[in-house]
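A.B. asks: Here you go, one structure.
Nothing in this text is a laboratory measurement; each read-out follows from the coordinates by a stated rule. Predicted, not measured: the structure shown is a model, and the values here were computed from it. Because the Cβ atoms are built from the backbone with ideal geometry, glycine has one as well, and the counts that use them run over all protein chains shown.
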Amino acid sequence: MNPISIVFSWIGDADLRAMHTGNGKGTAPLAQLLRERPFHEVHLLAGQDEKEARAFAAWLGTDTAAVVTLHWAPLINPDDYGEICRTALRGVEAVANRMASTDRLCFHLGSGTAATAAIWILLAKAGFPQAQLLEVTSERTVREVTIPFSINTDMLPDLLRTQDQQLIRLAHEGFRDAHPEFGSIACQCEAMRRVVEKATLVAARHIPVLIQGESGTGKELLARAIHNTSPLREGPFVAINCGAIPDNLVESELFGHEKGAFTGALTQRKGLFVQAHGGTVFLDEIGELPLSVQVKLLRVLQEHEVTPVGSNETVPVTFRLIAATNKNLLEEMAAGHFREDLFHRIAVALLLLPPLRARGRDVELLTDRILDQINQECRDQPGFRKKSLTENARKQLQEHRWPGNIRELQNTLHRAAVWTQGEIIRGRDIREALLPEYTSDHGGERILNRPLGTGLRLADILTEVADHYFHRALAESHNNKAQATRLLGLPNATTFANWSKKYPWDQGRGKKES
């Protein structure tokens, strides 16, 4: 038996009848499939009755050597092709991501409904072209089904798009096995995969790292993964939020102080850098440091020694610096709020974390992980019932802008889990758990409420809006026009080009190297 031979199948009515009637496994299509062809893994999909599905999985696994795994997700409408497709795709991708090749992946057409069979065909033709389609004939033999047509993935929604060649290459190289510390970081989207790949490369080098990204994007999680993969992983990881320290205590916190150095210094104190000797210092929100402290930090990085407050003696230190900020330090430098020499010292490796709204289906992957964690943490709490999400609830989460990024997603799911008394979190539950949308400026007023006449030109306003969103989309997609087209909600590259001609935004401004 090939060790990576894996079959996916929905549980059908005929399978359940065979279990309930006690006529043995001979009349169950799935059991016949396993009898005729050995598999290493069997992945069952179900969306109606979780208790009955689990009973069937246990019943099926009693006389097969294969590992039987159940993927259950509530289907509000068993004939909803969108719900079926998303449920199937989540299960298949979770397995395919750990396979070097999908040529031993099989989809069983003989169990389930006409809708589930149709989705298997779509997935095989558009998403996993190496997968086999199998069915059990009336003679109880297994045959491969050949579909005599192909499907252009450009004609399908993002739901069916396969992962690109970069992910396949990383899979071949055993990326997850080689870097397990990064396994907790969701990185299906191209932008996030690029960040994680760069982080794995820089982790082995003893150079400073600057992580830039909005609040809640996971900067400390990435910093810890870099530390845990680095040669200094046996040393301490010392983290501090620079914005949370009062200005008059910053030097003492970072560099330490001698007894009596200032009022209230009753004992000697080791500073952050001394505590982190032999390990990693993580300075979160480094842009909040006062300029006077930035000068002293630069000296520590240059000389590899610190001078505690109130002392004339230096203390040698060895550490790796990882800094993070939600500010644009180039703009802070231009405004005179951040030293240019310090920036170039800490930004030897610069990692730009994309916001959650730019990470596509990573939202769904993060949702599943966070909900699993909530179910695990709350399982022993009085009255708590394991939660699952409907497809409408997932749609609400996918379409939200997430100004608070991953942290906001976590809090939203926690609220929804607490406020939902049953087992299923629906779309309305998510809407009630979402925070009201807000904005930090009044751009809408500036665009929408200009006085009519007095030189107003509608074409100029539309061009201004196009300029703003085209540049954002290209920046977040690393100048990938196909991905920028999707971020803008445009149907295809032709529409992208037509908009560029109709509203001639400045295509040279801020253009980034791809």
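A.B. asks: Taking amide H positions as placed in the peptide plane 1.01 Å from N, state which residues far from Ala323 in sequence (5 or more) or on other chains have amide H under 5 Å from it.
C.D. replies: Val209, Leu210, Ile211, Leu283
A.B. asks: Under 19 Å Cα-Cα from Lys270, which aspartates and glutamates qualify once same-chain neighbours fewer than 8 residues away are excluded?
C.D. replies: Asp247, Glu251, Glu253, Glu258, Glu303, Glu305, Glu313
A.B. asks: Counting only residues 5 or more places away or on other chains, whose amide H sits under 5 Å from the amide H of His71 once H atoms are built in the peptide plane?
C.D. replies: Leu44, Leu45, Ala46
A.B. asks: For region 293-324, which GluC sites (Glu not before Pro) are in a loop by DSSP, counting at most 15 other Cβ atoms within 10 Å?
C.D. replies: Glu313
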